[in-house]
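Everything on this sheet refers to the single structure shown next.
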2 protein chains.
Amino acid sequence: MAGRSYPGDTTALRTRGASLRRLVTVTDARGSLTAGQVGEQLPFVPKRVFFVYQVPPGRTRGGHGHRDLHEFIICQRGRCTVVLDDGANRDEVLLNRPDVGLHVPPLTWTTLREFSADALLVVAASEVYRPEDYIHDYQEFLGLAAAQADRPS
Amino acid sequence: MAGRSYPGDTTALRTRGASLRRLVTVTDARGSLTAGQVGEQLPFVPKRVFFVYQVPPGRTRGGHGHRDLHEFIICQRGRCTVVLDDGANRDEVLLNRPDVGLHVPPLTWTTLREFSADALLVVAASEVYRPEDYIHDYQEFLGLAAAQADRPS
């Protein structure tokens, strides 16, 4: 079955700056190809790509924020729930399809949970790995997020 | 079982400019994370990321070259064989592990075949999609590749 879904679907979430974005899929006799690119679905140029997989049942990942890093999270297989929190607003997003990406901007406290056994996350990040970009303390995060919220968006 | 494999493993192939590169994997009680980033494992800044999946048994993909595009191909799940050809040299590469990426430089005629039913390719590309970057005619490709081979590498 041939099919193509078009880009342009962006759904803003309650969390400041976060959105769900539909990727482009082309399916033909040779299988399926799903793509996202800079300037369209992908709102930044990635410097790092990583996979998260083989998460044991009941385990939670994330539980931190980033000072400057943008992430774009695709659940290519299986499902998981991503909880976003900007200090004032919150979203719980079920990711369970390979053609949807979740844009998580900086200063978003992010927790990933309820991974299915087969879940595979593909994440594009706007910067290389820098430990000092992580915010591990929730109270510190709230202070930074409040200062950010006072700025014009 | 906790484990970490380190970067720095790059295996040059016979095909001009092509190489296999080991990604970094961190495995702990929360599962596995495998990463590649610009300036280390990833030899270019990606502008497009795509997935190839649900390839029916016996189907071949690729069968073209690119004028300027670099690709970095990871077989995150399952396996497939990638045939690379620079007009003078050739490689057949079995991709069957999530922590190895194949760097395919421009002017490489690339064919993908022998996909397992569960195969998932994750591909990072150095440019957004441009139909005019594709070389679909093998004779034209050979001419361009021969001109390239005459230049200092």
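The values are calculated or read from the model by the stated rules, or taken from the named source; none is laboratory data. In this text, all values refer to a predicted model and were calculated from it rather than measured experimentally. Backbone-built Cβ (ideal geometry, glycine too); neighbour counts: all protein chains shown. Calculation scope for accessible area: heavy atoms of the full protein, side chains included, ligands and nucleic acids excluded. Shrake-Rupley method; radii C 1.70, N 1.55, O 1.52, S 1.80 Å.
Data table
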read-out	value
Condition broken by residue A:9, with the remaining ones in (1) farther than 23 Å from residue B:128 by Cβ; (2) more than 8 Å from chain B (Cβ to nearest Cβ) satisfied	(1)
So residue A:101, is it small (Gly, Ala, Ser) and out of contact with any Lys or Arg (no Cβ under 6 Å at 6 or more places or on another chain)	no
Qualifying residue in the stretch A:75-91 (condition: within 11 Å of another protein chain (Cβ to nearest Cβ), assigned to a strand (DSSP E or B) and within 24 Å of residue B:45 (Cβ to Cβ))	yes
Hits in the stretch B:28-73 (condition: open to solvent by 40 Å² or more (accessible area, probe 1.4 Å) and either within 24 Å of residue A:72 (Cβ to Cβ) or in contact with a Pro (Cβ under 8 Å, 6 or more places away or on another chain) (or both))	B:28, B:29, B:30, B:39, B:40, B:43, B:45, B:47, B:54, B:67, B:68, B:70
Qualifying positions in the stretch A:102-127 - aliphatic (A, V, I, L, M), open to solvent by less than 50 Å² (accessible area, probe 1.4 Å) and either at pLDDT below 95 or not in a strand (DSSP E or B) (or both)	A:107, A:119
Among the candidates A:21, A:97, residue that is in a loop (DSSP other than H, G, I, E, B) and open to solvent by 20 Å² or more (accessible area, probe 1.4 Å)	A:97
Unique residue being within 9 Å of chain B (Cβ to nearest Cβ), under 29 Å from residue A:139 (Cα atoms) and over 12 Å from the mean Cα position of the chain (by Cα) when the list is A:24, A:55, A:45	A:55
Residue match in the stretch B:132-147 (condition: open to solvent by 30 Å² or more (accessible area, probe 1.4 Å), at pLDDT below 95 and more than 23 Å from residue A:97 (Cα to Cα))	yes
